[in-house]
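Okay, so here's the structure we're looking at.
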Ligand code: ADP
Ligand code: ZN
């Protein structure tokens, strides 16, 4: 380093680092930077810091000269620097800060959500024997439990406490271990938990050319010839071919015949798209017009949000592909969000076909190692496109030019666990921060997005027709009040006709299992989950009663456990029962089923679709898994067994959801030459969500629904934040809920009384879930700023008063992002 450069570095060197810890704590903390790290530490790296007697991972978010007022003396030092280069660049940090602020969620935890799993280091307690302990073991005067435990520790050396307790469940207890430590027999220390995901390397032999060397053995000659043919080959491959080659390799290396290098290998995802060629079509006039609008936006380098409203099959995906091509040509990058990627192998294939290896796949069903490698490809700028479900929004691109959100209305974009973000809303924010183009596409846009388009916040682009002018299917509604049994005559006739004409059919029923629940008609008893406030679903195949929310599972008894009645019967039909009925009705036809139960194995999903694609399956029964993105020309009939399941869900969006589901299911019929036919069975034949879906009339539906939202003051006319307390203990949870209500009312009285309503506290729609009791309180208001202020204040005060009670508090900010 030149003197000048060195001086600059010295000037830049800061004394103190601000760290966001990867724990549920709102505050950030300051640490002293030890001399040895001063030159290397940067914002966006992971550090190991002491925290409450433990060592935890944190993220450096700022370097400063002075700590905030009044905490100088207490500062501890950073213990370790975990990265050589920042994992988080300033742009991403800004994005994470926004998320932390908006969702009222600790910054460290937000960053953790955005990084691939497995990058966290944790400390853990580690046991080892002291000399006294070892002596005691040798003398053999320990009780059996102690002897077993000590023998294990002696055998393993440093043994994680958790693992030891797991090895002997119910024997050596935590208390005993600490007692032994007190007696001086054991050491218990804090160590760093290993098992962090690391890059995977392989050793590669590179052939350097023939040098004069006297080859002695036949084997040497053979190997050299093999290497010469291949020029470059991994050591594993060589070892698979030749027995113990290492000596020979050494001699080759010494003679300069080969060199051996270490090279990182990329674990590629096991979710493979089917490789099929998708010809690149000339855009239609409609597509061309839209593309020229988008092109202007891309060239402008300014934030430009678009909502593309186009029926299924109208050519939206082709627009995404071309827009991305244009972005890449400018040397920029793209994020593509699709709901549940493994459900849409077709879309993935189209991207692979167009962009080859220039894309990374990011989503939660990949293995940890795969996810890490894919993510690093993005970080290093080795690919320009990231495609995936929710988590792809965190792809660490530095020159983001476009974000595409396909099926932007999909509820699965909302993360329901921990950080409750809405991917579509994050896409809006990230595109805005990056001055990028944003394409939201859907056949049934969310009310919020369409409202934003109406208000001019999004530019609305419309594709009114299917490609090739193929007509939308004819939809008929059947009133089930006048029907007996599960399937109406009309559906049976349509299925029969399709079988005869060798066409395929889909039957949609949004409930899995055999019977929804089991009832004793004599005493009214139903089987309930002890952990959740729901009934157990009957599954025939594995003879079980299952909870669909936790892992609870029992064998169904022969008679009623309450009154010993023997007439137990199943109520409410699921896909398993539907499949059975179809088989009985149409013997000899090939019936498939696609739901969570039939798709647990890794490739089972794709296998079921393959069978449909190659014409093997005549009738496919399924839950909403069959709704998404598949394009099967020979499917000409779709039956909706019950349109009512989603209609009665206790959520103000249930009407919208019903309309979306019906429209999407209907869109599966008639993608080929024949006009499709759809029959919707319902007990509510006059409901506008069903009638509008029948007419493929999104705008009509929007107009009616938006009036309801307005009248009832629901989003987008107001904003909602849901507060929830969750705890194992019923009484304490109730008490925390009451406290939440009290603080809420107090806050309203004190300062923000205008324009905010508090509803509740009351028990949540599912008052018990996975063994935890749940209460909630809803805050509703016009001004998001005020609402947010109340939420923050409530969080602060409540957190203090429920500390140590085992009750947790969480905040769910309703996804209505209005710019
Ligand atoms: P969407 O995403 O709206 O469902 P797609 O982009 O998948 O629509 O288009 C539907 C079908 O039409 C696909 O098979 C696609 O390959 C084809 N297609 C799209 N654009 C064109 C075009 N301009 N000319 C011919 N075929 C097209
Ligand atoms: Zn349960």
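Packing around the peptides 43-51, 310-318, taken as the average count of other Cβ atoms within 10 Å per residue, puts them in this order, highest first: 310-318, 43-51. Between region 95-116 and region 726-743, how many Å separate their Cα centres? Between the Cα centre of region 95-116 and that of region 726-743, the gap is 26 Å.
Translational diffusion coefficient, Stokes-Einstein: compute it for region 681-758 using the Kirkwood radius over C-alpha pairs as Rh, at 25 °C and 0.890 mPa s, and state it as an integer in µm² s⁻¹.
Numbers: Rh = 16.3 Å.
So the translational diffusion coefficient is about 151 µm²/s.
Using the Cα gyration tensor of the chain, with a ≥ b ≥ c the square roots of its eigenvalues, what is the shape: rounded (a/c below 1.5), prolate (a/b larger than b/c) or oblate (neither)?
Details: a/c = 1.40, a/b = 1.25, b/c = 1.12.
It comes out rounded by the Cα gyration axes.
Averaging the sequence gap over all C-alpha pairs within less than 8 Å and six or more residues apart, then dividing by the number of residues, gives the chain a relative contact order of 9 percent. Once you reduce region 121-166 and region 601-618 to the center of their Cα atoms, the two points are 52 Å from each other.
For region 777-797 versus region 369-436, the spacing of their alpha-carbon centroids is 28 Å.
Over region 726-798, Cα pairs under 8 Å with separation of 6+ residues give a relative contact order of 38 percent. Relative protection proxy for 507-520, 126-139, from highest mean packing down: 507-520, 126-139 (other beta-carbon atoms within 10 angstrom). Estimated from helical segments only, the mean residue ellipticity of the chain at 222 nm is -10500 deg cm²/dmol, where each DSSP H run of four or more residues counts as -39500 (n - 2.57). A simple packing score, the average count of other Cβ atoms within 10 Å per residue, orders the peptides 550-557, 386-393, 221-228, 531-538 as 386-393, 531-538, 221-228, 550-557, with the highest score first.
Relative contact order of region 375-517, taken over Cα pairs closer than 8 Å and 6 or more residues apart, is 16 percent. Each distinct pair of alpha carbons in region 351-400 adds a 1/r term; the inverse of their mean, the Kirkwood radius, is 10.8 Å. By DSSP, the beta bridges lying fully in the chain are antiparallel in about 60 percent of cases.
Just so you know, all these numbers are worked out from the coordinates, no wet-lab data involved. Computed from a predicted structure; not experimentally measured. Please note: Cβ atoms are built from the backbone with ideal geometry, for glycine as well, and neighbour counts cover all protein chains shown.
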